[in-house]
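No lab work stands behind these numbers, since they all come straight from the coordinates. On a predicted model such as this, the values are computed, not experimentally measured, just so you know. Here the Cβ positions follow ideal geometry from the backbone for every residue, glycine too, while neighbour counts run over all protein chains shown.
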Amino acid sequence: MTIALSVVDLTRDFDVSAPWLNRVIERKPKAFLRAVDDISFEVPLGSCLSLVGESGCGKSTVARLVTGLYRPSSGTIKFSAGKTGAPLSAQMIFQDPFASLNPRWRVFDVIAEPLREFGLRKGTTAIAGRVAELLTTVGLSPNDGRKFPHEFSGGQRQRISIARALAGEPEFLVCDEPTSALDVSVQAQILNLMRRLQDEMGLTYLFISHDMSVVRHMSNQIAVMYLGRIVEQAATEQLFADPKHPYTRMLLETIPNVRNPKRQREAPAGEVPSPMNPPSGCTFHTRCPLADGRCKVERPEMRAYPGGSRVACHRVAESMAALAVPA
Amino acid sequence: MTQTPILDVKALRVEFPGRHGTVTALADVSFSIQPGEILGVVGESGAGKSMAGLAVQGLLEPPGRVSGGEVRLDGRRIDTLTDGEMEKVRGKEIGAIFQDPLTSLNPLFSVGQQLVETIRLHLGLDRKTARARAIALLTEVGIPAPDVRVDHYPHQFSGGMRQRVVIALALAARPKLIIADEPTTALDVSIQAQITALLRKLCDDHGTAVMLVTHDMGVIAETADRVAVMYAGRLVEVGPVAEVIANPQHPYTAGLMGSIPALGARVPMLTQIDGSMPRLDAIPAGCAFNPRCPKVMDRCRVERPELMPSGSGQSACWLKAMETTP
Ligand SMILES: Nc1ncnc2c1ncn2[C@@H]1O[C@H](COP(=O)(O)OP(=O)(O)OP(=O)(O)O)[C@@H](O)[C@H]1O
Ligand SMILES: Nc1ncnc2c1ncn2[C@@H]1O[C@H](COP(=O)(O)OP(=O)(O)O)[C@@H](O)[C@H]1O
Ligand code: SF4
Ligand code: SF4
Ligand SMILES: [Mg+2]
Ligand SMILES: [Mg+2]
């Protein structure tokens, strides 16, 4: 198994202090928010790793760190060598297909720009040919190149952003909620397209979504994040069949399931604490039904378990240890 | 039908006169909601879900107007009321919950002040009793330490807490009907589950009728009793929620169900409906779904199907007419 991306001990802090003058007047110290807290993961070549978790847990920050839009505060991000020997090139697809396309450019130029910029095709004919090819790949017509982004629906615009991302000939795509702004019927078109492209081009995906059913459909591996940390990572089937971390269980229990609705549900208590002031010890202890005294003071280490999953939880560690020692 | 429905909408039509002619945003929309019942209204964005909720409340933005049909609340016709009369119906008899809780809350007043104001306006209680009722409402919607929180301002609450406050506000005058437009869309799944559980409980406890507008079939499946599926400004299917999900009658509903990724078995490809919903000024002749329909027939391109009995509900599709006519 070749590793396409390896991320080690990655941390990113944001300065969220009040403006300098207010700080001086009100004698407030500088304030920092740790959006991503010491996370490590690997993405095997040709596979899809998804990050899931509730709003504000740091998914988009990881995406932006991996694509170089943010610098890490500490830790390393390493892409392995791609087909040409240079590190794999990564492109990003964003949630909002409306904001991520320049409204004044024709679709042709939107897609041709990376070709010109990286000198991937030379000469008008070669560029036009490649743009037509990319439009066809994503299920649009070469004639659509003449139009402006506003002339397309949300799903078609997301196809345009995918064509543009593919123009840079990436081997790695970081997709941050690529279908969250779309209706389900259109979401299905885009997810099908992304699966097909992955098979045909051998792409590797880092996929981000808060929608467990989308993630299940797309990924080989899933990493669950809570307040900037990965709390559990496992193969997709394993995570759904045998979720170990109490937060993963809570997430799986609360997602509405169309085909098997739980009408008399116990809704989980509480909500995500502010990342400005995270709880001590295990940051999930304020909502965890299994929390005990140790959880409030000691931060659980990430541990590997049989079956290949990794979990950061004291109680999981204790019960697995109890199982391992025959009485 | 023995009981008077709380909400009874018949052949509702909404038009927007414009420079390039009049567009019809809603046509022939008919549905009813019984006491204690949650009707889910589902469909893609732009299908007209919010428009239906706004039209019922008399809140269409001009030049939009109700140009046909009727709306009855507990038997009484409300689409013909004056703005002043409708103002009294809203808040007292109809409570509203919108997607963004901040649009329903005034940032300058504490949540207690806003609740007390609404309670006094509609129930005519004195300040002290109204405050006690405000605290009771906050307790009912699950706000911890309600006697302290009652004096806090909207920005001091999290998104989920704010939506609870909005629900408390919608409940303040014990309305017969609650119209909730995407009430959980802006919230995380764990909070979403709390809010839908709360809606269900209110419905069971007080017999409130709820019109729950959402694009999320999962939320409908777990919350609603019946579901109305909208497409391009019309209802295409109405029926009991479990039936519609297990055995969709209309090809659009079937496509919608197929495009939702399963949490159970993993499939290589999702069923997709090609294309997208037409714009209101370019609705195809005949059945509006015909360019995307895998089962389209000649008749579908010329004649528009009305809702007709189908399965345990109704569906607007010629396939049904063919089954029933010998
Ligand atoms: N540029 C920034 N400056 C300050 N704080 C930031 C910045 N970007 C993100 N944050 C904070 O970092 C945390 C993680 O944010 P991030 O956008 O990564 O979350 P997310 O998991 O993508 O959430 P969502 O599901 O809502 O997109 C949040 O608390 C957010 O407010
Ligand atoms: N002020 C307006 N003038 C003309 N058309 C409008 C106006 N407001 C909304 N519409 C149209 O009415 C249709 C239904 O909108 P809406 O009820 O908001 O859809 P939904 O809630 O199902 O997403 C959409 O096609 C929308 O563009
Ligand atoms: S470490 Fe403790 S608080 Fe954290 S998830 Fe495990 S049991 Fe719960
Ligand atoms: S009426 Fe015809 S086009 Fe419309 S949904 Fe039925 S079969 Fe399809
Ligand atoms: Mg994000
Ligand atoms: Mg809407």
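Only Cα pairs under 8 Å and at least 6 apart count here; give the relative contact order of chain B as a rounded whole percent.
On the way: 611 pairs, mean separation 65.8, N = 326.
Once normalised by length, the contact order is 20 percent.
Using the Cα centre of chain B as the reference point, and only Cβ charges (+1 on K/R, -1 on D/E), how large is the resulting charge dipole? Debye, rounded to the nearest 20. Write down the numbers at each step before the final one.
Details: 33 positive and 35 negative charges, 59 e Å.
In total the dipole reaches around 280 debye.
How about A:K30: which lysines have a C-alpha closer than 25 Å to its C-alpha, ignoring those fewer than 8 places off in the same chain?
Qualifying lysines at Cα under 25 Å: A:K59.
If the viscosity is 1.002 mPa s and the temperature 20 °C, what Stokes-Einstein diffusion coefficient in µm²/s follows for region B:59-110 when Rh is the Kirkwood radius over Cα pairs?
Working: Rh = 13.2 Å.
After rounding, the answer is 162 µm²/s.
Take A:A267 and A:T11, extend 7 Å from each Cα along the Cα→Cβ direction, and tell me the distance between the two endpoints in nm.
3.7 nm
With only alpha-carbon pairs counted, each pair once and no self-pairs, how large is the Kirkwood hydrodynamic radius of chain A in angstroms? Before the final figure, lay out the partial values.
On the way: mean 1/r = 0.0461 Å⁻¹.
Every distinct Cα pair counted, the radius reaches 21.7 Å.
So which lysines pass the test for B:K10, namely a Cα distance under 26 Å, with those fewer than 8 places away in the same chain ruled out?
B:K49, B:K88, B:K92, B:K176, B:K320
For the Cα atoms of chain A, what angle does the longest principal axis make with the long axis of helix A:314-324, in degrees from 0 to 90, nearest 10?
80 degrees
Can you tell which of A:A18, A:A81, A:A235 shows the greatest fluctuation in a Gaussian network model of chain A with Cα springs below 10 Å?
Most flexible of the set in this elastic network: A:A18.
Please report the relative contact order for region B:1-108, taking Cα pairs under 8 Å with a sequence separation of at least 6, and give it as a percent rounded to a whole number. Let's see the in-between values first.
Numbers: 143 pairs, mean separation 32.8, N = 108.
It rounds to 30 percent for region B:1-108.
For region A:84-161, take the alpha-carbon Rg, divide it by the Kirkwood Rh, and send me Rg/Rh. Present the calculation step by step, with values, prior to reporting the outcome.
On the way: Rg = 12.8 Å, Rh = 13.2 Å.
The Rg/Rh ratio comes out at 0.97.
Expressed as cubic angstrom per residue, what is the convex hull volume of the alpha carbon set of region B:73-192? Please report the intermediate quantities before stating the final value.
On the way: hull volume 13.3 nm³, N = 120.
That works out to 111 Å³ per residue.
Once both axes come from the Cα atoms, what is the angle between helix A:107-117 and the longest principal axis of chain A, in degrees from 0 to 90, rounded to 10?
80 degrees
Under a crude label model (7 Å from the Cα following the beta-carbon direction), how far is A:M302 from B:R174 in nanometres?
5.6 nm
What is the spread of the Cα atoms of region A:229-327 along each of their three principal axes, largest first, in whole Å?
Per principal axis, max minus min of the Cα coordinates gives 40, 35, 24 Å.
How many Å³ per residue does the convex hull of the Cα positions in region B:2-44 occupy?
Working: hull volume 3.7 nm³, N = 43.
Each residue corresponds to 87 Å³ of Cα convex hull volume.
In degrees between 0 and 90, to the nearest 10, how far off the longest principal axis of chain A does helix A:184-201 point, with axes built from Cα atoms?
80 degrees
Which of B:I220, B:N247, A:M1 sits closest to the plus end of the dipole of the protein assembly as shown, meaning its Cα is farthest towards the positive end, when Lys and Arg get +1 and Asp and Glu get -1 on the C-beta?
Result: A:M1, furthest along the dipole toward the positive end.
Evaluated at 4 °C with a viscosity of 1.567 mPa s, what Stokes-Einstein diffusion coefficient in µm²/s does region B:202-326 have when Rh comes from the Kirkwood expression over alpha-carbon pairs? Could the numbers behind the result be given before it?
Details: Rh = 15.8 Å.
Reported coefficient: 82 µm²/s.
Can you put A:W105, B:W318 in order of Cβ neighbours within 10 angstrom, beginning with the fewest? Display every interim value, and only then the final one.
Numbers: A:W105 14, B:W318 21.
Exposure proxy ranking, most exposed first: A:W105, B:W318.
For region A:46-94, just the Cα atoms, rotate onto the principal axes and tell me the three extents in Å, largest first.
37, 25, 18
Using the Kirkwood radius over C-alpha pairs as Rh, can you work out the diffusion coefficient of region A:1-56 via Stokes-Einstein at 37 °C, viscosity 0.692 mPa s, in µm² per second? List each step's numbers first, then the result.
Values: Rh = 14.3 Å.
It diffuses with D of about 229 µm²/s by this estimate.
Report the label-to-label distance for A:L290 and A:S73 in nanometres (one decimal), using points 7 Å from each Cα along the Cα→Cβ vector.
Roughly 2.9 nm, to one decimal.
Determine, at each q value in 0.17 (inverse angstroms), the log₁₀ of I(q)/I(0) that the Debye formula gives when each Cα of region A:96-138 is one equal point scatterer.
Log10 of I(q)/I(0), two decimals: -0.48.
Let me know the Kirkwood hydrodynamic radius for region B:1-111, please, with Cα pairs as the basis and the value in Å to one decimal.
Values: mean 1/r = 0.0649 Å⁻¹.
It works out to 15.4 Å.
Please return the longest range in chain A lying between exposed loop sites, taking trypsin sites (Lys or Arg not before Pro), DSSP loop only, at most 11 other beta-carbon atoms within 10 Å, and leaving the sites out.
On the way: sites that count: A:R27, A:K30, A:K83, A:R104, A:K122.
Free of exposed loop sites, the longest segment is A:123-327.
What Kirkwood radius, in Å to one decimal, follows from the Cα pairs of the protein assembly as shown?
Numbers: mean 1/r = 0.0368 Å⁻¹.
Here the Kirkwood hydrodynamic radius works out to 27.1 Å.
Quick one: work out the % antiparallel among DSSP beta bridges in region A:120-273, nearest 5. All intermediate terms of the calculation are to be shown ahead of the outcome.
Details: 6 of 11 bridges.
The answer is about 55 percent antiparallel.
Taking only Cα atoms of region A:1-145, what ratio of Rg to Rh do you get with Rh as the Kirkwood inverse-distance radius?
On the way: Rg = 20.3 Å, Rh = 18.8 Å.
Ratio value, two decimals: 1.08.
Where does chain B land on Rg(C-alpha)/(2.2 N^0.38 Å)? Walk me through the numbers before you get to the answer.
Working: Rg = 20.8 Å, N = 326, 2.2 N^0.38 = 19.8 Å.
Dividing the Cα radius of gyration by 2.2 N^0.38 Å gives 1.05.
Treat every Asp and Glu Cβ in region A:19-107 as -1 and every Lys and Arg Cβ as +1, leave all other atoms uncharged, and give the resulting dipole magnitude about the Cα centre to the nearest 20 debye. Before the final figure, lay out each step's value.
Numbers: 12 positive and 6 negative charges, 89 e Å.
So the magnitude is around 420 debye.
Over chain A, with a Gaussian network built from C-alpha contacts below 10 Å, which listed residue (A:P97, A:P19, A:P306) shows the highest mean-square fluctuation?
Among A:P97, A:P19, A:P306, the largest GNM mean-square fluctuation belongs to A:P19.
Just need the relative contact order of region A:88-222 here, percent rounded to a whole number, with Cα pairs under 8 Å and 6+ apart.
Values: 188 pairs, mean separation 42.7, N = 135.
Across region A:88-222, relative contact order equals 32 percent.
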